[in-house]
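A quick write-up on the structure given underneath.
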Amino acid sequence: MIHTSVPPRVAAAGSAAPPPPLRLAHVRRRDFEPGEAFHAQDREYFSDLAASARLPVDETCFGTGRTTYAAMVSALLPELAPYDDDFDLALLAHATPDSTPGWSMSRLVRSTARTGLAFAVSEQGVTSPFAALRMAVEGIPVDGARRALVLIAEQSAVGHRGPVPEPLRARHDTAVALVLDASGPLGGLAAEQRTGVEPGDVSRALTGHLAHLAQSAGGTERPVLIAGAGLTGSWDGVPEGVDLRTTPPGMPCAGIWAVLADELADPRRAARTVLLAEYDARFGYLGLCRVDATAQEANATAQELDTTAREGEAHP
């Protein structure tokens with residue numbers, strides 16, 4: 001875990017009112033084609049790294065190219081407007097290693113007007129995004145914090161031909177940006193990461209959570225479960241009254257968040273509750289994230305009425 005810049009002020013106990021809860025303000029997904037060439041020093045670095053682990057070097061990888069996490073940050077940041085220039089907290093969550101040495105979040109720090117605290121979460125496997133979201137929403141009491149960025153990324157370049165566990169085999173270069181803001185219009189968000197969950201306990205934990213979700217969901221539509229690939233074989237399926245979305249193959253970390261981005265991009269979506277769930281059997285981590293999505297059509301209508309009212313005031 002590495003951070004840069006001056007550490008933010010941490011709220012002292014009882015010194016001020018608690019900050020407003022952060023809500024989901026913007027979700028952006030972007031897919032990439034690996035087109036950036038490996039530099040000579042990068043190729044030497046990864047060749048030495050593979051040799052130290054007694055793994056054969058994959059020359060095809062170095063000829064195909066890559067998409068670094070720094071390149072993903074640079075491409076996604078302008079697409080987050082008007083939430084693209086000022087963050088109290090920024091986290092990069094990933095399960096696959098970056099295809100270049102260094103610290104990719106430095107690109108974010110250099111490209112924004114202000115970034116308070118920035119670091120990466122990668123040691124939590126495919127549930128790393130849940131750990132990052134939990135810290136962003138309620139885990140780091142930054143004084144006066146009103147905006148946070150969680151960037152979930154994965155890339156497919158592997159510089160060796162050794163075995164890669166299938167749950168971690170990324171076949172696409174993808175990044176999903178989640179912006180959390182005190183006035184986020186997309187809905188409320190809550191994330192948790194349960195530890196010590198055995199494979200035989202996943203189904204019971206998830207079914208109980210979904211049953212409660214189906215009963216308490218306040219939206220006008222049936223709640224949605226976006227299930228990660230790590231749940232395959234560890235649960236019995238969705239209960240009655242819950243819609244299921246599954247992730248595309250080859251997207252171990254970013255898959256469910258890419259589906260969420262597509263779900264929230266519907267211009268006429270109704271208010272509904274979305275639960276994202278993923279399980280990493282290697283660590284025994286079960287990640288759960290609830291999003292109470294607001295109705296897009298209702299928001300658009302309200303904005304149109306407000307615009308009409310303002311025009312009427314300007315032209316009596």
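Yes/no per residue for (1) of a type in the set (Gly, Ala, Ser); (2) more than 15 Å from Val126 (Cβ to Cβ):
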residue	(1), (2)
Ala190	yes, yes
Leu213	no, yes
Gly230	yes, no
Ala258	yes, no
Ala261	yes, yes
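Confirm whether Leu189 is more than 30 Å from Thr64 (Cα to Cα), part of a helix (DSSP H, G or I) and under 21 Å from the mean Cα position of the chain (by Cα).
no
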In region 148-179, how many residues are part of a loop (DSSP other than H, G, I, E, B), touching a helix residue (DSSP H, G or I) at 6+ places or on another chain (Cβ under 8 Å) and aliphatic (A, V, I, L, M)? 2
Across region 223-247, the tally of residues that are loosely packed, with under 14 Cβ neighbours inside 10 Å and either part of a strand (DSSP E or B) or not small (Gly, Ala, Ser) (or both) stands at 5
Filter region 109-124 for residues that are within 12 Å of Leu91 (Cβ to Cβ) and over 16 Å from the mean Cα position of the chain (by Cα); which is surrounded by the fewest Cβ atoms within 10 Å (Cβ to Cβ)? Leu117
Taking helices (runs of 4 or more DSSP H) that do not extend beyond region 60-134, which have at least 3 residues that are farther than 22 Å from Ala157 by Cβ and either touching a Phe, Trp or Tyr at 6+ places or on another chain (Cβ under 6 Å) or modelled with pLDDT of 90 or more (or both)? 128-134
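The values are calculated or read from the model by the stated rules, or taken from the named source; none is laboratory data. Predicted model only: the values in this text are computed from it and were never measured. All Cβ positions, glycine included, derive from the backbone under ideal geometry; neighbour counts span all protein chains shown.
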